[in-house]
Every structure is written in structure tokens, then in C-alpha cells.
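Heads up, the thing below is written out as C-alpha cells.
Throughout, read-outs are computed from the coordinates displayed, never taken from laboratory work. Note that this is a predicted model, so its numbers are computed, not measured. Counting neighbours? That spans all protein chains shown, and the Cβs are built from the backbone with ideal geometry, glycine included.
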Amino acid sequence: MSRLAVAAVVACAITAPAAEGAVTSAAGAETVTAQGVGPIRLGASVKSLHRRHLIGRIRPGCEFDPGQRVARLRPPLRGFGVFHGKRLTSISINSGAETAQGIGIGSTPFEAQQAYPNAEYVPPGQADPFAEGFFWVNNTSHPKFTFTVDDQSHLISGISVPSPAFCE
């Protein structure tokens, strides 16, 4: 392999974002609120989100939840939206967003606790049957949004509005 080819491979490896758990930069990140993420709002219709090119193709969701449908979010967001009927009921983000307090993918639970002192934190391994941990902003029964904490890195790996959608 020539030196030029090796340099190109190294440059791509350095500048390309990591696939999972990549920290999103504050520049250009959408803001997570209790109402949604950036221009994507809970309660929005499939039609309005498609018209604005904010979601991809709608697909069947969890087989245990009849009528549930899901769609991938379009860049700069990475994640998916969950729909019941024709309305958005939940949003899960893997990249491209952070809260107004600067908590996003790659943040620590300590940073989240500092930003949201009244939130409920369940560390990884203690949210049976899940290996992940959860940081419920507001509380577990009526969260505004939820941070998922990776069980390996112990960093925030996902943000859900209002809570994660699981298919069990």
C-alpha cells in the first residue's frame, strides 16, 4: 500500500465519527424538549413530518403493539419516531441532539444530575430486566424525556421523548 493510500485511510479514520456512542457537537445539534426534538414535535402527523422531510418511510413497529408504526429520523438526527394511529407518540435519538442544558449523547450521568437535580436515576444493571440504566427527567411515571445510560461505558447513549419505546 502506498504512503498516500495509508495517509488517506488514517485521515478518514480520524475525521469519521464513531458508529455508536459518538458525541455530537453542540454546533448544529437539535434541542430536546418535553415537546419534541428540534422541529419534530410529539403529536405531529405522519403526513406533516413527511412533507417537511423529517422522517423516512413508515414501517410496522413492534409486533406486540398492534397499530404501532415507526420511521427513521432524517439527518442531522439519528434515531426513530414511534407512531400510534397517524400521530407521533415517542422519539428516540442516538445522535444529533442535546438538551438546552447541554446534555447529549456521550454525557455522563453526573453531568445530567447536575443539570437536572430532581430527576430519577436508575444505574445500569438495576433496571431489571434491562442492562441499561435510565435517567428520568421529571420522574419515572411522567417523564419529560429520558436518558438511556450504556451498561458498558456508563455514558448517555440515547435520549427519548418522553420515554424509550421497548418491544418485549
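Taking only C-alpha pairs under 8 Å that are 6+ residues apart, what is the relative contact order of segment 60-168 in percent?
Numbers: 230 pairs, mean separation 24.2, N = 109.
Value for segment 60-168: 22 percent.
Under the simplified labelling scheme, the Q35-T108 pair shows an inter-label distance of 3.4 nm, with each label point 7 Å from Cα along Cα→Cβ.
Each Lys or Arg adds one and each Asp or Glu takes one away; over the other residues whose Cβ falls under 13 Å from the Cβ of W136, this sums to -1. Across all directions, the shadow cast by the convex hull of segment 30-161 built on its C-alpha atoms averages 7.8 square nanometres. Residues in segment 144-149 carry Karplus couplings, in order, of 7, 7, 9, 9, 9, 9 Hz; the curve used is 6.51 cos²θ - 1.76 cosθ + 1.60 with θ = phi - 60°, and Gly or Pro positions show x.
Among the trypsin sites (Lys or Arg not before Pro) in segment 53-113, those located in a DSSP loop and surrounded by at most 15 other Cβ atoms within 10 Å of their own Cβ are K86.
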